[in-house]
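The block underneath contains the structure these notes are about, expressed in structure tokens.
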Protein chains: 2
Amino acid sequence: MEENIFRKLLEERGWRLTKQRNAILQKAFSYKGHFDPESLYLAMRGKGMKASRASVYRTLNLLCECGLVEKVGKTEQGTIYEQSAGRKHHDHMICIQCGEIIEFYSEKIEKLQEKICRELDFKGKNHTLEIRGYCRHCHAGENGLEGDSSHGY
Amino acid sequence: MEENIFRKLLEERGWRLTKQRNAILQKAFSYKGHFDPESLYLAMRGKGMKASRASVYRTLNLLCECGLVEKVGKTEQGTIYEQSAGRKHHDHMICIQCGEIIEFYSEKIEKLQEKICRELDFKGKNHTLEIRGYCRHCHAGENGLEGDSSHGY
DNA sequence: TCTTCCATTGAGATTGAGTCTCAATATAGT
DNA sequence: ACTATATTGAGACTCAATCTCAATGGAAGA
């Protein structure tokens, strides 16, 4: 039961595992992939478990500090989170048509980043690599119409 | 004079090069590096050239569509832009202590991304790679205290 | 030049994510 | 149970960004 991991991590920092925090925790981990605070909040209202918007945001921040959850990025619709406990690091492709998010991982890219950090004397803590474009389903039939081939794509 | 390039691009789309648009254009291009809409707006108020906040946001969106300017990313303080006309694509390191932004470019990383896109049948349009951490000046003297070495850094 | 038409502007209202406030409530330790 | 402290939640607040709509202004024709 992962709740115990949470409790331990929380207690190490002198935090309490309250009903609300636990509920938010459970809900966050019920998502296999990505989620945003507002959806999580609304989804919880539906069920018996409820917590205020303020608590949802507060708790998500705590979970981030614990390293159980992490911010993937900011979009027009707000911050996107995902659970990170036990998950391997990965990067994202985002379809700008349908919004699909595809995860990928490249050992080579990771290594190259480390190399560049060393070269520039930068102490990297984390990073995000986000490729925006059209997914398999959305670029079917298009003839590469508009724009911006300046990046070599 | 780059203004002519702008005018041509605007006219191609049936847009007018108004005083305000031109002023915003000039101001945006006066930045060598990154800028945000609010700063640009405030900086303009100071000078003779002025435009409303609404026009600044509207015009920056137009400039993005033209490809003259591009969104680098979203931060707590809002969207960061940079001019992209004539500039080579590059990625960013951001110091989470002092906010310094370091630009870098890696041909190898670019190529790897293209390869991964092909493999996953994803039509990449653009991307952002952002490494967060501590710059040369800010990590001096630290002993790698807190956190998150899970990414290999 | 005058007039009509339509794009553009700007002040302020509005939205929406996220944070803050603070009184009420819950919990831990004694 | 009592006290001290942590937490909660409703709603106020902040701030970026967009929207509204009356007023402005430039372009093209009469």
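The values are calculated or read from the model by the stated rules, or taken from the named source; none is laboratory data. Model, not experiment: these values are computed from the prediction. Counting neighbours? That spans all protein chains shown, and the Cβs are built from the backbone with ideal geometry, glycine included. With ligands, DNA and RNA removed, areas are computed over all heavy atoms of the protein, side chains included. Shrake-Rupley method; radii C 1.70, N 1.55, O 1.52, S 1.80 Å.
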Could you identify the single residue in A:GLY67, A:GLY78, A:GLY14 that is open to solvent by 20 Å² or more (accessible area, probe 1.4 Å), within 24 Å of B:THR75 (Cβ to Cβ) and within 12 Å of DNA strand C (Cβ to nearest atom)? A:GLY78
Looking only at region A:121-135, filter to residues that are within 18 Å of A:ILE101 (Cβ to Cβ) and touching a helix residue (DSSP H, G or I) at 6+ places or on another chain (Cβ under 8 Å); which one of those is surrounded by the most Cβ atoms within 10 Å (Cβ to Cβ)? A:ILE131
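Restricting attention to region B:110-119, does a residue exist that is within 24 Å of A:TYR134 (Cβ to Cβ), under 13 Å from the mean Cα position of the chain (by Cα), at the interface with chain A (Cβ under 7 Å from one of its Cβ atoms) and surrounded by 13 or more Cβ atoms within 10 Å (Cβ to Cβ)?
no
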Out of region A:47-60, which residues are away from DNA strand D (no atom under 11 Å from the Cβ) and charged (D, E, K, R)? A:LYS47
Failed item, numbered, when B:THR79 is tested on (1) touching a strand residue (DSSP E or B) at 6+ places or on another chain (Cβ under 9 Å); (2) within 29 Å of A:HIS92 (Cβ to Cβ); (3) more than 10 Å from chain A (Cβ to nearest Cβ): (3)
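This table checks each residue for (1) within 16 Å of DNA strand D (Cβ to nearest atom); (2) more than 14 Å from chain B (Cβ to nearest Cβ).
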site	(1), (2)
A:LYS8	yes, yes
A:GLN26	yes, yes
A:PHE35	no, yes
A:ARG45	yes, yes
A:LEU62	yes, yes
A:VAL72	no, no
From B:GLU38, B:GLU70, residue being more than 18 Å from B:LEU9 (Cβ to Cβ) and not assigned by TED's automatic domain parsing to the domain that holds B:HIS127: B:GLU38
Taking region A:23-58 only, how many residues are of a type in the set (S, T, N, Q), in contact (Cβ under 8 Å) with a residue 12 or more places away in the chain and more than 10 Å from DNA strand C (Cβ to nearest atom)? 1
